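Working notes, beginning with the structure itself.
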Amino acid sequence: MTRRRPSVLAALALTVTSALALFGCGADDSASQDAGEREAAVADADNGAAGSPRPSSSSATGRPRIDLPSDLRLVFEGGRTGDQVKDAVLADNAERMRAVDAAIAGTDPAGEAVGFYNTGKALEAATSWVAQFEKANATVTGEVRYFDRKVTLKEEGSALLTFCADESKGFSKDRTTGKIAKTPVTRNSFVRYNTRLDRNSDGVWQTSQILSTRGAEECQS
């Protein structure tokens, strides 16, 4: 999920990290033409207008539409690898990250997309993370950039994905007052993610495990 360094989010990060073993992995440390077209739509939209809605992809899987507020922009770099399966993994991971922020921002209050793109421990973590924001009466704003996204295909139907997040331009915002909590950029503005995705019976790559490391050396840029 996209968090922010402001004081309120820093506290949230500590709470969620301690409760969910670094933000979502619990105790773990650790395709088709449609998929390719979906990734192209993700890349184009994220490099275009902030908050532009995604076209819904394959109706066969009933993919939920995810909209973000106009003041929140997520940018995903490196969406095309030349391998359709890897591209599908990257596309569904991008939708997963967007889904969590949509739930936090209130554009998907029921969390339909969160449940669609997460399963297992990652779903538990995502649900808990959204609840922490609700409890703090906070939302997210600004821009978060995801880069150095690398997919390793494992046994059939599973993949590992590592990537970095640059949260230096993303912040928390008080829902009531609209006040944005801005803080200086530090090494902790960069986060390293290690995730596992599993393809379900509908062909959706759901995130099943997620581990984040704030301030990771590999992500400093």
Search the range 182-195 for residues being touching an Asp or Glu at 6+ places or on another chain (Cβ under 8 Å) and of a type outside the set (A, V, I, L, M, F, W, C), and hand back the single one that is nearest to residue 169 (Cα to Cα).
189
For residue 159: the one exception among (1) in contact with a strand residue (DSSP E or B) (Cβ under 6 Å, 6 or more places away or on another chain); (2) open to solvent by 10 Å² or more (accessible area, probe 1.4 Å)
(2)
Number of positions in the range 95-146 that are at pLDDT below 95, closer than 20 Å to residue 160 by Cα and of a type in the set (Phe, Trp, Tyr):
0
What do you reckon, is residue 212 closer than 18 Å to residue 121 by Cβ, crowded, with 17+ Cβ neighbours inside 10 Å and of a type in the set (Ser, Thr, Tyr)?
yes
Please work out if residue 165 is assigned to a helix (DSSP H, G or I) and not basic (Lys, Arg).
no
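Residues checked against (1) within 19 Å of residue 173 (Cα to Cα); (2) out of contact with any helix residue (DSSP H, G or I) (no Cβ under 7 Å at 6 or more places or on another chain); (3) open to solvent by less than 40 Å² (accessible area, probe 1.4 Å):
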residue: 107; (1), (2), (3): yes, yes, no
residue: 113; (1), (2), (3): no, no, yes
residue: 122; (1), (2), (3): no, no, yes
residue: 133; (1), (2), (3): yes, no, yes
residue: 136; (1), (2), (3): yes, no, yes
List the pairs whose first member sits in the range 149-161 and is within 11 Å of residue 81 (Cβ to Cβ), whose second member is among the small types (Gly, Ala, Ser), and whose Cβ atoms are under 8 Å apart, counting only residues at least 6 apart or on separate chains?
149/78; 149/79; 151/159; 153/159
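Condition (residue is touching a strand residue (DSSP E or B) at 6+ places or on another chain (Cβ under 6 Å), of a type in the set (Val, Ile, Thr) and at pLDDT 95 or above) applied to the range 69-76: is it met by at least one residue? Lay out the reasoning, then the answer.
Applying the first criterion (touching a strand residue (DSSP E or B) at 6+ places or on another chain (Cβ under 6 Å)) to the range 69-76 yields 71-76.
Now restrict to residues that are of a type in the set (Val, Ile, Thr): 75.
Add one more test, that the residue is at pLDDT 95 or above, and what stays is 75.
Within the range 69-76, one or more residues are touching a strand residue (DSSP E or B) at 6+ places or on another chain (Cβ under 6 Å), of a type in the set (Val, Ile, Thr) and at pLDDT 95 or above.
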Within the range 205-221, track down each residue that is in a strand (DSSP E or B) and out of contact with any Gly (no Cβ under 6 Å at 6 or more places or on another chain).
205, 206, 207, 209, 211, 212, 213, 214
Taking the residues in the range 179-204 that are in a helix (DSSP H, G or I) and open to solvent by 30 Å² or more (accessible area, probe 1.4 Å) as candidates, determine which candidate is farthest from residue 136 (Cα to Cα).
187
Of these, 190, 163, 147, which one is in contact with a Lys or Arg (Cβ under 7 Å, 6 or more places away or on another chain) and not aliphatic (A, V, I, L, M)?
163
Identify, from the list 151, 144, the residue that is buried (at least 16 other Cβ atoms within 10 Å of the Cβ) and touching a Gly at 6+ places or on another chain (Cβ under 7 Å).
144
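The values are calculated or read from the model by the stated rules, or taken from the named source; none is laboratory data. Owing to the predicted nature of the structure, the values given are computational and were not obtained by experimental measurement. Heads up, the Cβs are rebuilt from the backbone with ideal geometry, glycines too, and the neighbour counts pull from every protein chain shown. These accessible areas exclude ligands, DNA and RNA; they are computed on the full protein's heavy atoms, side chains included. Shrake-Rupley method; radii C 1.70, N 1.55, O 1.52, S 1.80 Å.
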